[in-house]
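*Asks:* Structure incoming, see below.
Each reported figure results from applying straightforward, stated rules to the coordinates on display, with no laboratory input. From a predicted model like this one, the values you see are computed outputs, not experimental measurements. Counting neighbours? That spans all protein chains shown, and the Cβs are built from the backbone with ideal geometry, glycine included.
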Amino acid sequence: MSVLALAGGVGGAKLCLGLARVLSPDDLQIVVNTGDDEEFYGLHVSPDLDTVMYTLAGLANPYTGWGITGETFATLEHLGKLGEDTWFGLGDRDMATHIVRTNMLRQGKSLSEVTSRLYRSLGVEHPVAPMTDDRVRTKAVTNIGTLEFQTYFVKHRCEPVVRDLVFDGSGSASMSEAFSKALSDRSVLVYCPSNPLLSMAPILAVPGVESAIKSFSGVTIAVSPIVGGKALRGPAAKLLEELGEDVSCVGVARRYSGICDVFILDDLDRHHADEIRSLGMVPVVVDTIMNTEQDKIDLARIVLEVAGVAH
Ligand code: GDP
Ligand code: FO1
Ligand code: CA
C-alpha cells in the first residue's frame, strides 16, 4: 500500500511515526505544513517539519512534543544578554538545524532539498517534504490585531480571540514536487490528527491541492484530532469555537467534507458516528489516543486496514 500522509506538528508526527514503523520508505511519503515557519535571530525555523523530523529520528522532547530531548538553552540565554527578545525558545542543538537550513536556503537550495538533507543526516529514511517551497505564512486576525503565527501561538499563548486565519502567500504558492507527485501516484491519503485550522487548512489552501484530492484515485482517510469534544493539546477546540464551528469531531469532519472517504473518530465520540455518515464519510470508531509508540503503531495499522477494506 502506498501512502501519502499530511501532517502538522505534534499530533501529525505521532501518527507519522506509527506509519513509518509499519511502512517501508518506498510506501510512505509525508507532506508537512509550513505555514508556521518564521525567521528568528536571522534563522529560518520550520516548526512542523522539525517536529516530524525529531519524532521520526527519535530525538523529540517527549514533554513538549517539539524541540530536542535533553536540550540546553545557553545560546538563547546569551542572545538575551546581547539585547535580543528571546520569547521564542530555540535550543542549542535545535539552533544547528536552523543554521544549516538558513545557509542552504541562502545558497539557493529549495526547502524540499534542505528538508531531505536534514532528515537524511538524522537517519530518517522515509521521504518527507514541505507542502510548498514557496513562502506561506499563517497570520491570526485577533481581537488585539493581526499577529504573525508564532507571536499568536508562543508569545501570546493562543490567548487572543481569533476572528480569522490568513495564509499569506498561499495564493501564489505551488505544491512541492514531491507533494504533487504523491497526489497523482499514491493509493492512500491520510489526514493525520493535526489541527484542522492551523495545520491542515494551510496545506489545503495551496492552489491545486483540493482539486487534486477530489480527483485522487485512491482512498482518503482522516483521523480526528478532537477527542471527546476537546483537543488533546493546543488551540484546536478554542479556535473551532471562536470561528463558529462545531467543537467536536463533527466540526473537523465538516472541513473534510467532499475530500475524505473515511473518518476515524475516537471511542469517546461514538455518538457522533451518524452525523459523520450524513456528511458523506464512513465513520470508523476506535481508540485514537497515542501515548506510547505501540499506540502509534496500532493506530497506523488500523488506518491501513481500513484503507485496504475501503479500496
Ligand atoms: P502542532 O502543529 O504541533 O499544533 O500539531 P498538529 O497540528 O499536528 O496536532 C495538534 C492536534 O493533535 C491537537 O488538536 C491534538 O488534539 C491532536 N493530538 C495530539 N495527540 C493526539 C493523539 O494522541 N490522538 C489524537 N486523535 N489526536 C491527537
Ligand atoms: N512552542 C512554544 O510554546 N514555545 C517555544 O518557545 C517554542 C519554541 C520552538 C522552537 C523550535 C520549534 O521548532 C518549535 C518551537 N515551539 C515552541 C513549538 C511551535 O512553535 C509550535 O508548536 C508550532 O508552531 C505549532 O504547531
Ligand atoms: Ca503546526
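*Asks:* Most mobile of ILE68, ILE226, ILE144 per a Gaussian network model of the chain (Cα springs, under 10 Å)?
*Replies:* Checking each option, the largest mean-square fluctuation is seen for ILE144.
*Asks:* Select from LEU122, VAL162, ASN195 the residue farthest towards the positive end of the dipole of the range 122-197; place +1 on Cβ of Lys and Arg, -1 on Cβ of Asp and Glu, and compute about the Cα centre.
*Replies:* VAL162
*Asks:* Over the alpha-carbon set of the range 237-311, work out the extent along each principal axis and list the three values in angstrom, largest first.
*Replies:* Per principal axis, max minus min of the Cα coordinates gives 35, 29, 21 Å.
*Asks:* When you count, for each residue, the other Cβ atoms within 10 Å and take the mean per peptide, how do 270-278, 252-260, 147-155 rank with the highest first?
*Replies:* 252-260, 147-155, 270-278
*Asks:* Can you give the log10 of the normalised intensity I(q)/I(0) at q = 0.12, 0.16, 0.20 Å⁻¹, computed with Debye over equal Cα scatterers of the range 76-208?
*Replies:* Computed log10 I(q)/I(0) values: -0.63, -1.09, -1.39.
*Asks:* Please list the equivalent ellipsoid semi-axes of the range 1-45, computed as the square roots of five times the alpha-carbon gyration tensor eigenvalues, in descending order and whole angstrom.
*Replies:* On the way: eigenvalues 136, 21, 15 Å².
Taking √(5λ) for each eigenvalue gives 26, 10, 9 Å, largest first.
*Asks:* Place the peptides 27-35, 172-180 in order of packing, highest mean first, counting for every residue the other Cβ atoms within 10 Å and averaging per peptide.
*Replies:* Put in order of decreasing packing, that is 27-35, 172-180.
*Asks:* Would you mind computing the Rg to Rh ratio of the range 147-280 from its alpha-carbon coordinates, Kirkwood style for Rh? Kindly include the intermediate steps, with their values, before the conclusion.
*Replies:* Values: Rg = 15.4 Å, Rh = 15.8 Å.
Dividing the radius of gyration by the Kirkwood radius yields 0.97.
*Asks:* When N counts the residues of the chain, how does its alpha-carbon radius of gyration compare numerically with 2.2 N^0.38 Å, as a ratio?
*Replies:* 0.95
*Asks:* Using modelled backbone amide H atoms (1.01 Å from N, in-plane), which distant-in-sequence or interchain residues come within less than 5 Å of LEU28's amide H?
*Replies:* VAL3
*Asks:* Across the Cα atoms of the range 1-101, what radius of gyration and what greatest pairwise Cα-Cα distance (Dmax) are found, in Å?
*Replies:* Rg, Dmax (Cα atoms, Å): 15.0, 53.
*Asks:* Measure nothing fancy, just the Cα-based angle from helix 10-22's long axis to the longest principal axis of the chain, in degrees from 0 to 90, nearest 10.
*Replies:* Here the helix axis deviates by roughly 70 degrees.
*Asks:* Where does helix 47-56 land angle-wise versus the long Cα axis of the chain, in degrees 0 to 90, nearest 10?
*Replies:* Taking the Cα atoms of the chain, the angle to 47-56 is about 70 degrees.
*Asks:* Hey, what do the phi angles of the range 292-299 turn into as Karplus ³J(HN,Hα) couplings, whole Hz, using 6.51/-1.76/1.60 and θ = phi - 60°, x for Gly and Pro?
*Replies:* Once θ is set to phi - 60°, the couplings for the range 292-299 become 8, 4, 4, 4, 5, 5, 4, 5 Hz.
*Asks:* If you don't mind, there's one more thing I want to ask. Just ASP36, ASP26, ASP295 to compare: in a GNM of the chain, with alpha carbon springs under 10 Å, which one fluctuates most?
*Replies:* So, out of ASP36, ASP26, ASP295, the one fluctuating most is ASP26.
*Asks:* Evaluate 2.2 N^0.38 Å with N set to the residue count of the range 22-71, then give the Cα radius of gyration divided by it.
*Replies:* The range 22-71 yields a ratio of 1.30.
*Asks:* Show which aspartates and glutamates lie in cross-link reach of LYS155 when reach means a straight Cα distance below 12 angstrom and same-chain residues fewer than eight apart are skipped.
*Replies:* Candidates past the 8-residue exclusion: ASP85.
*Asks:* Further question on the same structure: Place the peptides 121-134, 91-104 in order of packing, highest mean first, counting for every residue the other Cβ atoms within 10 Å and averaging per peptide.
*Replies:* 121-134, 91-104
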